[in-house]
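Worksheet: the structure to be examined is printed underneath.
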Amino acid sequence: MSTSGTAADSGNNGATKDNQDYGFEYDILFKLVLIGDSGVGKSNLLTRFTANEFNIDSKSTIGVEFANRIVQIEGKKIKAQIWDTAGQERYRAITSAYYRGAMGALIVYDITKSKSYENCSDWLKELKENADSNIVIGLIGNKSDLAHNRSVPTEEARNFAKENQLLFTETSALENDNVEKAFEELITAIYNIYKKHQANIDIGQDSQSNSNTNGAGINPNGKSLNTVSLKDQKTKKSSSSNCC
């Protein structure tokens, strides 16, 4: 997968400055969310991946902010729109709405703070209650540069991820270690599901055409994903103009 770091557009509290939305300079849009306790380094993971920046004096996020980055997989330009949801309890009521439409999520904890790891179970529960059932989830142990102060064993976290079918990576936003890997694995996993879904739709359309049936569902086994594809938009416009 190739990446483009030029799409570091960001927004605060839902306001976007992204002009690429109007230029349609991407093929697919994936919405991702970062969740976890306050102070685990979510914002610095976001800025490191989207702008290759790290702010040592980063303060806790108030409300919600997001940034974008274009990545390429198999010739497709994928816009990853990454939302940073505040970890403090008093903001959860605000950020819960932002789970909707998310195709991927990274649950982040601080390897030096066992409580932030223990709370990952609660974050996972909240995510599954509010997000789409097909969402791809990764578990991230951040601040690996502080391994000498580690309180969360790597294998324990890895086993938790395996038991819950999560991707797992330990990262350091400060040293830019495994940050690319964490996001790329998540985006690639989402894309693979998206690609399979699109293939199922094509098969279902062919089957419908050959059998000349009027079933309500083209492919009952296909999984729905909350993606935005420019190709899909064009196809829908074309098909709607040929009705009857």
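Please list, ordered by chain and number, the residues whose modelled amide H lies under 5 Å from the amide H of K77; skip anything fewer than 5 residues away on the same chain. For K77, whose amide H was placed from the backbone, the distant partners under 5 Å are D27, I28. Loop-resident trypsin sites (Lys or Arg not before Pro) (DSSP state other than H, G, I, E or B) in the stretch 99-203 with no more than 13 further Cβ atoms inside 10 Å of their Cβ: R100. The fewest-to-most ranking of F160, F66 by surrounding Cβ atoms within 10 Å reads F160, F66. Taking amide H atoms as placed 1.01 Å from N in the peptide plane, the amide H of G101 lies under 5 Å from those of D132, each 5 or more residues away in sequence or on another chain.
Restricting to bridges with both residues inside the stretch 40-162, how much of the DSSP beta-bridge set is antiparallel, in percent to the nearest 5?
Values: 10 of 17 bridges.
Antiparallel bridges make up about 60 percent of those DSSP assigns within the stretch 40-162.
The H on the amide N of L167, modeled in the peptide plane, is under 5 Å from the matching H of I137, G138, L139, each at least 5 residues off or on a different chain.
Values in this text are rule-based calculations from the coordinates and carry no lab data. Small disclaimer: the values here were computed from a predicted structure and weren't measured. For neighbour counting, all protein chains shown are included, and Cβ atoms are generated from backbone atoms with ideal geometry for every residue, glycine included.
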